[in-house]
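One structure is given below, encoded as structure tokens.
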Amino acid sequence: MSTDRIALAFGGLRERGEKGLIPFVTAGYPDLETTERLVLGMAESGADLIELGVPFSDPLADGPVIQHASQIALTRGTNLARILELVARLRKRTAIPLVLMSYYNPILSYGPETLIAKAAGVGIDGLIIPDLPVEEAGDILALSDTLGVALIPLVAPTSGARRIAFIAERARGFVYCVSLTGVTGSGGRYSDQLTTMLDTVRAHTDLPAAIGFGIAEPGQARNLAPRADALIVGSAFVKRITEAGVNQAVAAAQELVQSLKRALAEK
Amino acid sequence: MFPNENGYYGAYGGRYVPETLMSALEELQAAYRDARADQRFLDQFDDYLRHYVGRPSPLYFAANLTRHAGGARIFLKREDLNHTGAHKINNTLGQGLLARRMGKRRLIAETGAGQHGVATATVAALLGFDCTVFMGAEDIRRQAQNVFRMRLLGTEVVEVEAGSKTLKDAMNEAIRYWVTNVEQTYYLIGSVAGPHPYPQIVRDFQSVIGRETRRQVVEATGRPPDCVVACVGGGSNAMGIYSGFLADRDVRLVGVEAGGLGLDTGRHAATLSKGRPGVLHGSLSYLLQDDDGQVVPVHSISAGLDYPGVGPELSHLKDTGRVLFTTADDADALDAFMLLARTEGILPALESAHAVAVAVRTAGSMPSSSTIVVNLSGRGDKDVETVAREVRQ
């Protein structure tokens, strides 16, 4: 069962008393070959799980950094078929849990059942669909459960207790807790509701809680570490990759993994 | 009666938005349900429609255009005579009153041609809201006059440089702003698109067009019309007028999409004619997309029709065959613009000119005893520069 890789990763973290780091990179940015090296490099430097972003023409939940990366990836012909091939190659070389983050339309267009079956086949462990709230996710959840891919839901500071309970009860893999009301990469003004949100999540599920959105700096990681099982960092990685250029991208991403992991380990 | 409790019109609709917005949509749905059951709210809306917008808008028998077309009698539903020059104000007033009732202080909106932006800015001034309108850089260029109008009304216009710099991108940016400021902000969507309950709210506030039109046609001719024609971008003027006739099974309903440079060129905005179901801006509906599910660039001479999506109820009405969809291309729209100007002394919005083009085409094949109603959804003053540029070329 492929979902075991997610459970194993979090189990290992718990045993070692560590907090996890989940970097996000846009697949195909700056190109798919670099994405492949980035995933392997970040895994080697201590990332615990990696989120691969499927580029979409209209990424509503993303700020300018990931919008830009998505646009470049699309102009270079990145699509789900090529990303699945990439994952198949990666799976021969790493056991790190890999989660696909995609807006719903590319999945709908591919055919949800075919996509999820193929994703499971190449070794994708989880699926995050930021514009598919639980109310609309019934069929996808059933398919994912059957095929052994974890459908990881998001909860937001605006969700409120009733929705959080509803979402947490249908969660698989882990719960993606959005730290702020905003899009990805918007700078670190965490919601006042963050603690309440996390408490409510934990009251309704034993699955790990990962916090994401707006986390860029080791200082932020250190502050949030005690409250989460893992942190998700996206725009900061994409930005770092852009600044470093293709040749230095892997080294730059590895450096950020290490500094964030160090911060997560500080008491 | 559509939608169902989950916001679906047959297979289309729903709520495909980031979790951050779900509570806001639930709050909106509850507030709308409450408002609709409140006679004082409905009276207040009617009162503004009558004394502020100038409703009912006339139904005008276009005798010269009818003579030119040589067939069915053509009537124009004069939404262009509303305050601010288009049908958009019906909806912005309704939602403005709803936002005030919900205790919101700020309105945001997307706009393409700028008509919805102006109508939102107008209501913001009238009811005392702060207001920000998102508009694509390309549309700002095409519709400079409306940008100036919005600023005069005290609204901040945010230029959107992303993507194709048109309506779709303006809506992306409006949604991102809403995600960030959801607790204080009311997002005033201008079309029958977006997540549930917006397609329903906008249709309901625009349904005054259909109710008036039906009454007026029956008064003028003694019976319902044979055919009703409306242009379709997102679909608010179309759903507004159709809603008065959906129950009249003998009334042929026609939707006119933007054929742009021609359906074969790929440079058009004919979503229902050429698209397939997909998810954009919060609902499942027909969508112009490539094989990978990426939304494709669209084109129309008219900024208000330049949109790759369409309202979910229209997708349903296409599948059931209740509405027939066809296209008019850029050249057809320009010809119809000139024709209406010369025969009737009316400058139609380029959006509405698409509907006029198809009405004239259709009327010719119908007997002179029959009637066609065209929803003349907006006036063309905003398009004078575009038309002048095209005519010169």
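Of the residues B:315, B:302, B:352, which is touching a helix residue (DSSP H, G or I) at 6+ places or on another chain (Cβ under 6 Å) and open to solvent by less than 10 Å² (accessible area, probe 1.4 Å)? Even if it seems obvious, please write down each step before you answer.
Values: B:315 fails: touching a helix residue (DSSP H, G or I) at 6+ places or on another chain (Cβ under 6 Å); B:352 fails: touching a helix residue (DSSP H, G or I) at 6+ places or on another chain (Cβ under 6 Å).
Checking each option against the conditions leaves just B:302.
Of the helices (runs of 4 or more DSSP H) lying entirely inside the range A:1-111, not one contains at least 1 residues that are basic (Lys, Arg) and modelled with pLDDT under 95. Take the residues of the range B:9-41 that are out of contact with any helix residue (DSSP H, G or I) (no Cβ under 8 Å at 6 or more places or on another chain) and assigned to a loop (DSSP other than H, G, I, E, B): which is least open to solvent (accessible area, probe 1.4 Å)? If we take residues in the range B:9-41 being out of contact with any helix residue (DSSP H, G or I) (no Cβ under 8 Å at 6 or more places or on another chain) and assigned to a loop (DSSP other than H, G, I, E, B), then B:38 is least open to solvent (accessible area, probe 1.4 Å). Hey, among A:116, A:72, which residue is touching a strand residue (DSSP E or B) at 6+ places or on another chain (Cβ under 9 Å), surrounded by fewer than 23 Cβ atoms within 10 Å (Cβ to Cβ) and away from chain B (no Cβ under 11 Å)? Of A:116, A:72, the one residue that is touching a strand residue (DSSP E or B) at 6+ places or on another chain (Cβ under 9 Å), surrounded by fewer than 23 Cβ atoms within 10 Å (Cβ to Cβ) and away from chain B (no Cβ under 11 Å) is A:72. Listed by first and then second residue, the pairs linking a residue in the range B:208-224 that is of a type in the set (A, V, I, L, M) to a residue that is at pLDDT 95 or above and assigned to a loop (DSSP other than H, G, I, E, B), with Cβ atoms under 6 Å apart and 6 or more places separating them unless they lie on different chains, are B:217/B:225. Candidates are the residues of the range A:138-158 that are within 13 Å of chain B (Cβ to nearest Cβ) and buried (at least 17 other Cβ atoms within 10 Å of the Cβ); the one that is farthest from residue A:174 (Cα to Cα) is A:158.
Screening the range B:170-194 for residues that are within 15 Å of residue B:23 (Cα to Cα) and in a helix (DSSP H, G or I) and picking the one that is farthest from the other protein chains (Cβ to nearest Cβ) gives B:178.
Give the range B:372-387 a look and list any residue that's assigned to a helix (DSSP H, G or I) and under 10 Å from residue B:353 (Cβ atoms), or say none.
The answer is B:383, B:387.
Are any of the residues in the range A:179-193 in a helix (DSSP H, G or I), of a type in the set (Ser, Thr, Tyr) and under 20 Å from residue A:19 (Cβ atoms)? No, the range A:179-193 contains no residue that is in a helix (DSSP H, G or I), of a type in the set (Ser, Thr, Tyr) and under 20 Å from residue A:19 (Cβ atoms). If you go through the range B:131-169 and keep only what is within 21 Å of residue B:85 (Cβ to Cβ) and part of a strand (DSSP E or B), you end up with B:131, B:133, B:134, B:135, B:136, B:157. What about residue B:283, is it over 25 Å from residue B:226 (Cβ atoms), buried (at least 21 other Cβ atoms within 10 Å of the Cβ), away from chain A (no Cβ under 14 Å) and within 17 Å of the chain's Cα centre (by Cα)? In short, no. The single residue among A:169, A:135 that is surrounded by fewer than 24 Cβ atoms within 10 Å (Cβ to Cβ), within 8 Å of another protein chain (Cβ to nearest Cβ), over 18 Å from the mean Cα position of the chain (by Cα) and charged (D, E, K, R) turns out to be A:135. All conditions but one from (1) open to solvent by less than 70 Å² (accessible area, probe 1.4 Å); (2) within 16 Å of residue A:138 (Cα to Cα) apply to residue B:6; the one that does not is (1). All of (1) open to solvent by less than 30 Å² (accessible area, probe 1.4 Å); (2) touching a strand residue (DSSP E or B) at 6+ places or on another chain (Cβ under 8 Å) hold for residue A:78 with one exception: (2). One residue stands out in the range B:149-166 among those that are away from chain A (no Cβ under 12 Å) and among the aliphatic types (A, V, I, L, M): the one that is nearest to residue B:16 (Cα to Cα), namely B:158. Every condition in (1) open to solvent by 10 Å² or more (accessible area, probe 1.4 Å); (2) small (Gly, Ala, Ser); (3) at pLDDT 95 or above is met by residue B:174 except one, and the failing one is (1). For the range A:140-170, give me each residue that is assigned to a helix (DSSP H, G or I), touching a helix residue (DSSP H, G or I) at 6+ places or on another chain (Cβ under 7 Å) and more than 25 Å from residue A:183 (Cβ to Cβ). Hits for the range A:140-170 are A:143, A:144, A:147, A:165, A:169. Among residues of the range A:119-132 being out of contact with any Gly (no Cβ under 8 Å at 6 or more places or on another chain) and under 19 Å from residue A:90 (Cβ atoms), the one that is farthest from the other protein chains (Cβ to nearest Cβ) is A:123. Scan the range A:172-183 for residues that are open to solvent by 10 Å² or more (accessible area, probe 1.4 Å) and more than 10 Å from chain B (Cβ to nearest Cβ) and jot them down. The answer is A:172, A:173. Residue A:63 passes every criterion in (1) within 14 Å of another protein chain (Cβ to nearest Cβ); (2) of a type outside the set (Phe, Trp, Tyr); (3) without any contact (Cβ under 8 Å) to a residue 40 or more places away in the chain apart from (3).
Pairs are defined by a Cβ separation below 7 Å, a sequence spacing of at least 6 or placement on different chains, a first member in the range B:175-203 that is on the phi > 0 side of the Ramachandran plot, and a second member that is open to solvent by less than 10 Å² (accessible area, probe 1.4 Å) and not polar (S, T, N, Q); the pairs so defined are B:194/B:281; B:194/B:282. Any residue at all in the range A:230-247 that is among the charged types (D, E, K, R), open to solvent by 20 Å² or more (accessible area, probe 1.4 Å) and over 19 Å from the mean Cα position of the chain (by Cα)? Within the range A:230-247, one or more residues are among the charged types (D, E, K, R), open to solvent by 20 Å² or more (accessible area, probe 1.4 Å) and over 19 Å from the mean Cα position of the chain (by Cα). Considering B:86, B:109, B:137, B:72, the condition of being among the aliphatic types (A, V, I, L, M), closer than 20 Å to residue B:173 by Cα and open to solvent by less than 10 Å² (accessible area, probe 1.4 Å) is satisfied by B:109 alone.
Applying the selection to the range B:207-232, what residues are open to solvent by 10 Å² or more (accessible area, probe 1.4 Å) and not basic (Lys, Arg)?
Once the filter is applied, which keeps residues that are open to solvent by 10 Å² or more (accessible area, probe 1.4 Å) and not basic (Lys, Arg), the range B:207-232 yields B:207, B:208, B:212, B:216, B:218, B:219, B:220, B:221, B:222, B:224, B:226.
Kindly check whether there is at least one residue in the range A:191-207 that is among the small types (Gly, Ala, Ser) and either buried (at least 23 other Cβ atoms within 10 Å of the Cβ) or over 30 Å from residue A:169 (Cα atoms) (or both).
Start the filter on the range A:191-207 by keeping residues that are among the small types (Gly, Ala, Ser), which leaves A:191, A:203.
With the extra rule that they be either buried (at least 23 other Cβ atoms within 10 Å of the Cβ) or over 30 Å from residue A:169 (Cα atoms) (or both), the set shrinks to none.
The answer is no; no qualifying residue exists.
Checking each residue in the range B:42-68 for being among the charged types (D, E, K, R) and either within 14 Å of chain A (Cβ to nearest Cβ) or part of a helix (DSSP H, G or I) (or both) picks out B:43, B:46, B:47, B:50, B:67.
The values are calculated or read from the model by the stated rules, or taken from the named source; none is laboratory data. Source: prediction; values computed, not measured. Note: ideal-geometry Cβ built from the backbone for every residue, glycine included; neighbour counts use all protein chains shown. Calculation scope for accessible area: heavy atoms of the full protein, side chains included, ligands and nucleic acids excluded. Shrake-Rupley method; radii C 1.70, N 1.55, O 1.52, S 1.80 Å.
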